[in-house]
1. May I ask you to list pairs of residues, at least six apart or on different chains, whose Cβ atoms are under 6 Å apart, with the first in segment 265-276 being modelled with pLDDT under 95 and the second being open to solvent by 60 Å² or more (accessible area, probe 1.4 Å) and among the polar types (S, T, N, Q)?
2. Name the pairs: first residue in segment 37-55 and small (Gly, Ala, Ser), second residue open to solvent by less than 30 Å² (accessible area, probe 1.4 Å) and assigned to a loop (DSSP other than H, G, I, E, B), Cβ to Cβ under 9 Å, at least 6 apart or on different chains?
3. In this structure, is His101 of a type outside the set (S, T, N, Q), over 17 Å from the mean Cα position of the chain (by Cα) and in a loop (DSSP other than H, G, I, E, B)?
4. Suppose we keep only residues that are in contact with a Gly (Cβ under 6 Å, 6 or more places away or on another chain), more than 16 Å from Val81 (Cα to Cα) and of a type in the set (D, E, K, R) within segment 1-41. Which one would you say is modelled with the highest pLDDT?
5. Please specify each residue of segment 26-48 satisfying the condition of being out of contact with any helix residue (DSSP H, G or I) (no Cβ under 6 Å at 6 or more places or on another chain) and open to solvent by 30 Å² or more (accessible area, probe 1.4 Å).
6. For the subset of segment 234-254 comprising residues that are without any contact (Cβ under 8 Å) to a residue 40 or more places away in the chain and touching a helix residue (DSSP H, G or I) at 6+ places or on another chain (Cβ under 7 Å), which member is farthest from Asn61 (Cα to Cα)?
7. Could you check segment 76-114 and list, in sequence order, the residues that are under 22 Å from Asp139 (Cα atoms) and not basic (Lys, Arg)?
8. Considering Val96, Val81, Val54, which residue is modelled with pLDDT of 90 or more, hydrophobic (A, V, I, L, M, F, W, C), more than 30 Å from Val127 (Cβ to Cβ) and surrounded by fewer than 22 Cβ atoms within 10 Å (Cβ to Cβ)?
Amino acid sequence: MTSHSTLNVSKQLGSVKAVLCDIHGVLFDDGDHDQFPIPGSVHALNRLSTSGKVPFRLVSNESACTPDTVFKKFQKLKVDVEKSQIFVTVPAAYSVIKERHLRPFVLVHKNVQHCFDDLDQSNPNCVLLGDAVDNFHYDSLNEAFRVLMSSPQTQLFALGQGKFYRKGGTEELCLDVGPFTKALEFATGKEAEIIGKPSKTYFGAALKDMRVDASEAVMIGDDIVNDVGGAQSCGMKGVLVRTGKYRPSDEDHPTVQPDLIVDNFAQFIDILFKDG
């Protein structure tokens with residue numbers, strides 16, 4: 001593994017050589033048309049980026065935007081980040097389907113539908129489900145159901161399994177892709193392959209990109225199951241932030257116990273540099 005600086009971050013985390021960070025709910029929340037930075041998050045990420053002390057990757061289940069769009073959002077917010085440091089699910093899904101020579105029925109957000117246009121979608125033998133928002137309705141879900149029932153070999157892929165997220169600029173909660181995935185699993189008796197968190201393959205790609213072992217990295221997120229629990233199941237430490245979709249009950253989750261809980265990403269960076 002490549003040698004990196006090591007920071008001792010509290011007794012709960014031990015030494016840290018790399019940071020994985022969620023985007024939505026940790027750095028900013030998305031509204032219908034704008035981004036709403038979580039207070040202190042932009043400055044904190046810029047501190048991490050410019051310090052050069054530890055590498056980081058932004059690991060998100062974002063399935064309504066391309067990497068270019070996410071990068072432009074960061075540019076608009078004046079965040080010092082490279083496009084190569086952003087991991088989102090759309091290109092990962094495209095690669096999986098293309099490499100397996102599958103023909104997808106694509107049910108995703110209108111902003112990313114074009115990303116799959118060059119794939120053969122005739123007579124589909126798999127279903128790809130993302131955070132389709134307004135594209136989720138009875139007819140589209142029923143069509144996905146029919147494709148899945150057309151053959152025992154037809155596969156279901158989901159871009160994450162989040163339950164809900166918070167819309168930026170409001171306190172409104174919105175259903176994520178997870179509930180729709182579960183509905184199709186229940187109806188068909190099939191199990192979805194998750195492309196995104198908490199998949200070990202997805203986390204592993206970011207770790208490999210930084211050339212660090214899981215035991216040397218920490219994941220910070222607002223989703224107690226997919227961010228924190230997913231990271232811990234891969235051998236990383238998991239940090240929960242009290243922003244985004246966080247709920248006080250997350251701190252007493254029956255199966256996932258965060259290694260550290262912080263008020264926000266800025267507090268985590270303060271701890272990182274103070275102890276480093």
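1. Final answer for the pair search is Asp275/Asn8.
2. Going by the 9 Å Cβ cut-off, the qualifying pairs are Ser41/Val26; Ser41/Leu27; Ser41/Val79; Ser41/Thr243; Ala44/Leu27; Ser49/Val79; Ser49/Val81.
3. Yes.
4. Asp29
5. Of everything in segment 26-48, those that are out of contact with any helix residue (DSSP H, G or I) (no Cβ under 6 Å at 6 or more places or on another chain) and open to solvent by 30 Å² or more (accessible area, probe 1.4 Å) turn out to be Asp30, Asp32, His33, Asp34, Phe36, Pro37, Pro39, Val42, His43, Asn46.
6. Ranking the qualifying residues of segment 234-254, first place goes to His253.
7. Pro104, Phe105, Val106, Leu107, Val108, His109, Asn111, Val112, Gln113, His114
8. Exactly one residue qualifies, and that residue is Val81.
The values are calculated or read from the model by the stated rules, or taken from the named source; none is laboratory data. Note that the structure is predicted; figures quoted are calculated from it, not measured. All Cβ positions, even for glycine, are placed from backbone atoms using ideal geometry, and neighbour counts span all protein chains on display. Surface accessibility is based on the protein's heavy atoms, side chains included, excluding ligands, DNA and RNA. Shrake-Rupley method; radii C 1.70, N 1.55, O 1.52, S 1.80 Å.
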